[in-house]
Structures are given as C-alpha cells and as structure tokens.
1. Subtract the Cα-Cα distance of residue 101 and residue 19 from 0.36 nm times their separation in residues, and report this length gain in nm to one decimal.
2. Could you work out how far helix 136-153 tilts from the main Cα principal axis of the chain, as a 0 to 90 degree angle to the nearest 10?
3. Please identify which residues in region 43-63 have an amide N closer than 19 Å to a label point set 7 Å out from the Cα of residue 8, following the Cα→Cβ vector.
4. Roughly speaking, what is the stretch gain from residue 138 to residue 57, that is 0.36 nm per residue apart minus the C-alpha to C-alpha distance, in nm to one decimal?
5. What number does region 5-174 give for Rg over Rh if you use C-alpha atoms and the Kirkwood radius?
6. Which residues does the label zone of residue 32 cover in region 156-181, counting backbone N under 15 Å from a point 7 Å along Cα→Cβ?
7. Sum -39500 (n - 2.57) across every DSSP H segment of at least 4 residues in the chain, then divide by the residue count to get the 222 nm mean residue ellipticity, nearest 500.
8. Of the listed peptides 45-55, 134-144, what is their order by residue-averaged count of other C-beta atoms within 10 Å, with the highest listed first?
C-alpha cells in the first residue's frame, strides 16, 4: 500500500477513536454512545487508509458508512437531548447501514448522503449549543474546528483528516450527556 500524506493523516481518526474508546470505558452517562462514536472514528480511519492506500473498487463500502454514521450519531444525540428523548441506536445505525448499500451500489449517492447528514449534524449541534450552556463551548469549538478543516481540506486533504478527527474528539464528551431537568 502506498503510504501518502492522505494515508498517514487517516491515522488521526484511529488515534481520536482510540482516545474516545478509552474515555468511554470509564463509564458514566452515555458511555455506550461515546464508545460507538469512538468505534466509528476508528473505522473512519481504517476506511480512509483503504481509500487513500490500495483504493480497491469496493473502498466506498469501508470508507463512507462510518463517516455518515458519525455524523448521524452526533445529530441523533443532539436531537435526543433537545427533545428530552432517549437516544435509540437505530436512529443513527439505520442510516449508517443504508449507506453501506448506497456505497456499494451508488457511491455518488453515498457522498451526497454524507453531505446531507453532515449538514443535519451541524444544524442539530448548533441548536444544541444554543439551548445548552454547559456543553456550548465544546460544541462550538468542535464545529469551528470542523469548519476550518472543511476549508483547509479544499487545499490539503491531510489537514481535513486531522481537523475532522479533532472535531470528533472534541464533541465526544458531550455525546450521551443530558442537561439536568
């Protein structure tokens, strides 16, 4: 496998995911959802390494669903917090599994689904930040880092990898945590 800057920078997701998984092991409210986000981050890194490394024809199947899944999980978590409902795994798992089919059959549609899910996640996190003072600084910082990463990614994909992985690590402690009634 050729180890390019894109391949190496994909490891940022693996590192972020490992850190999230390690912190989720301590337990507490929402630990299972944070663990799921950590696992998705690791899978994003692995899928990105496959895509930017050997790039087999099936690479969208390992690359796209974990990324969509992370966006869906963060969005579903924000909506659950805002509506006072319990986060159900199928809220984020169903779109993630649907993206496996999209990525296998219609990779372009999978890319579009990722973009739409990312937009929903950004709006949901902004609404959550507005409504919840306690996680507000962390959520806004995560969005700012993701925004800078998106802009930087237009010039440098490795920069996007590192900044997007950082944004996942920043938002992770808020996942599964709820405001006091």
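The numbers here are math on the coordinates, done by the rules we state, and not lab data. Model, not experiment: these values are computed from the prediction. Cβ sites come from the backbone with ideal geometry, for glycine too, and all protein chains shown count toward neighbours.
1. Gain in length upon complete extension: 26.6 nm.
2. 20
3. Residues 45-55 qualify, since their backbone N sits under 19 Å from the label point.
4. 25.4 nm
5. 0.95
6. Only 176-177 pass the distance filter.
7. -26500 deg cm²/dmol
8. Descending packing order for the listed peptides: 45-55, 134-144.
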